[in-house]
Amino acid sequence: MADFLHSSYHHPILRSWSNSATLSLVDSLVYPVFISENNDCDESIDPLPGQRRLGINKLKGVISSLISKGLKSVLLFGVLTSLEKDEQGSAASSDDNPVIKALPILREAFPNLLLICDVCLCAYTSHGHCGVFTSDGVIDPKESMQAIARVALAYAKAGAHVVAPSDMMDCRIKAIKDLLQDENMINRVAVMSYSAKFASSFYGPFRAAAQSAPSFGDRKAYQLPPMSRGLAIRATGRDVSEGADILMVKPGMAYLDIVRDIKNAFPHHPLAIYQVSGEYAMLYHAAQNSVFDLQTVVMETVGGMKRAGADIIITYFTPQILSWLEEVKD
Ligand code: PBG
Ligand code: ZN
């Protein structure tokens, strides 16, 4: 699998991510975007102040103004309003999935924008878990990795440049790569693995935003134990051996030691860090309450992420950071 490398550099932004020495902060940033099934949707998200759920009719305006400030890449999440959620998360690969509808529109409107799709089932399953269950109620490893691979393929066919599985099902990178190879698309789509994703308390606001909270139990049997350095390295090594193009640590601020470990262990893969919803909300509210100045503290956090070894920074603060960097230029 690792013999196929074109996927890692088929797009100019992927090439810039492979070149740590000259990679700028602007080019490192990825902005997460919530796409609602309701085409005219433009609504604020209470637990994520400043972020919005957008329908496909509202996306272009928001994204084009960010591109004029230097935005290079978005990470797309779908939010369902009327599609039915079932036990298999079938809606994720449906033509009516808002992400699948948005991809061709975004590709046409913004030919240089790198389109990354989060691949998971939790926003599409009736139970809100990231995989598929067996009849006796545990994660079904084979069905889960195959379901994830089918969703990744659907995004690839709709025009995603990068698919980013966040589900944490075992061996889904290989399942995705095998399917892309079967479809002769192996060179056109990079796989950004959420390789060291921990079972964190910091995802709460996101689950409200994407309406993807589990209806029972928790994600501790598939997301990594927060204190396990060993499992973070093992999971990442496994994903590397299955052909992942880009690696990730998530959340960010509480896991910078893991970023450094993974950069040291796998120095030849671009490494992303996800400053997640709870981190965003925490910094936002603290700044609102005059605990500190938002710009200064956000730049300190992203600087620390770079120092720890991250090449790519996924953050809800991307619009502000782009504006702040523009001011510095003036
Ligand atoms: C879906 C997914 C989640 C996040 C990204 N993809 C939620 C989760 O795993 O529960 C979290 C992002 C954030 O908190 O900003 N699996
Ligand atoms: Zn999920």
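The values are calculated or read from the model by the stated rules, or taken from the named source; none is laboratory data. Treat the numbers as computed from the prediction; the structure is a model and nothing was measured. Glycine gets a Cβ as well: all are built from the backbone with ideal geometry, and neighbour counts include every protein chain shown. What goes into the accessible areas is simple: the full protein's heavy atoms, side chains included, and nothing from ligands, DNA or RNA. Shrake-Rupley method; radii C 1.70, N 1.55, O 1.52, S 1.80 Å.
Beta bridges from DSSP with both residues in segment 6-329: antiparallel share about 10 percent, rounded to the nearest 5. Annotation: extensible slack from HIS10 through GLN211 equals 69.1 nm (criterion: 0.36 nm per residue apart, minus Cα-Cα distance). Taking amide H as placed 1.01 Å from N in the peptide plane, the amide H of PHE133 sits under 5 Å from that of ASP140, each at least 5 places away or on another chain. Extension gain for ARG188 to PHE133 (0.36 nm times residue separation, less C-alpha to C-alpha distance): 16.7 nm.
Projecting label points 7 angstrom from Cα along Cα→Cβ for THR296 and GLN181 puts them 5.3 nm apart. How big is the gap, in Å, between the Cα center of segment 33-89 and the Cα center of segment 147-204? Segment 33-89 and segment 147-204 have Cα centres spaced 20 Å from each other. Taking all Cα pairs closer than 8 Å and separated by 6 or more residues, the relative contact order of segment 55-185 comes to 25 percent. Taken one residue at a time, the phi angles of segment 251-267 give Karplus couplings (6.51, -1.76, 1.60, θ = phi - 60°) of x, x, 4, 7, 10, 5, 5, 5, 4, 5, 4, 6, 4, 5, 6, 10, x Hz. Gly and Pro are set to x. Residues of segment 216-241 with an amide N closer than 20 Å to a point placed 7 Å from the Cα of ASP257 along the Cα-to-Cβ direction: 224-237. Placing unit charges on each Cβ (+1 for Lys and Arg, -1 for Asp and Glu) gives segment 97-158 a dipole about its Cα centre, and among ILE105, THR134, LEU115 the Cα reaching farthest toward its positive end belongs to ILE105.
Extension gain, GLN320 to ASP42, is 98.2 nm, computed as 0.36 nm per intervening residue step minus the present C-alpha separation.
Exposure check, 1.4 Å probe, all protein chains in place: HIS269 carries approximately 40 Å² of accessible surface. Not counting the cut sites, what is the longest span of the chain without chymotrypsin sites (Phe, Trp or Tyr not before Pro) that DSSP labels loop and that have at most 13 other Cβ atoms within 10 Å? Of all site-free stretches, the longest is 1-215. Normalising by the residue count of the chain, find the relative contact order in percent from Cα pairs under 8 Å and 6+ residues apart. Relative contact order, the chain: 19 percent. Rounded to the nearest whole Hz, the Karplus-based 3J(HN,Hα) values (6.51 cos²θ - 1.76 cosθ + 1.60, θ = phi - 60°) of segment 272-286 follow the sequence 9, 10, 10, 7, 7, 4, x, 5, 4, 4, 4, 5, 4, 5, 5, with x at glycine and proline.
Return, ordered by residue number, the residues of segment 66-96 whose backbone nitrogen is under 19 Å from a label point located 7 Å along Cα→Cβ of ALA221. Residues 87-89 fall inside that zone. Tell me which residues come under 5 Å, amide H to amide H, from SER195 once H is placed; ignore anything under 5 positions away on its chain. Sorted by chain and number, the residues that satisfy this are MET248. When +1 charges are put on Lys and Arg Cβ atoms and -1 charges on Asp and Glu Cβ atoms, the dipole computed for the chain relative to its Cα centre reaches about 620 debye. Applying a threshold of 23 Å to the alpha-carbon distances of LYS72/LYS250; LYS157/LYS306; LYS157/LYS250; LYS142/LYS220; LYS177/LYS306 flags LYS157/LYS306; LYS157/LYS250; LYS177/LYS306 as lying beyond it. For segment 4-17, 3J(HN,Hα) computed residue by residue from phi via the Karplus equation (6.51, -1.76, 1.60; θ = phi - 60°) reads 7, 10, 4, 4, 6, 9, 7, 10, x, 6, 4, 5, 5, 6 Hz, glycine and proline entered as x. Accessible area per residue was computed with a 1.4 Å probe on protein heavy atoms; LYS142 scores about 120 Å².
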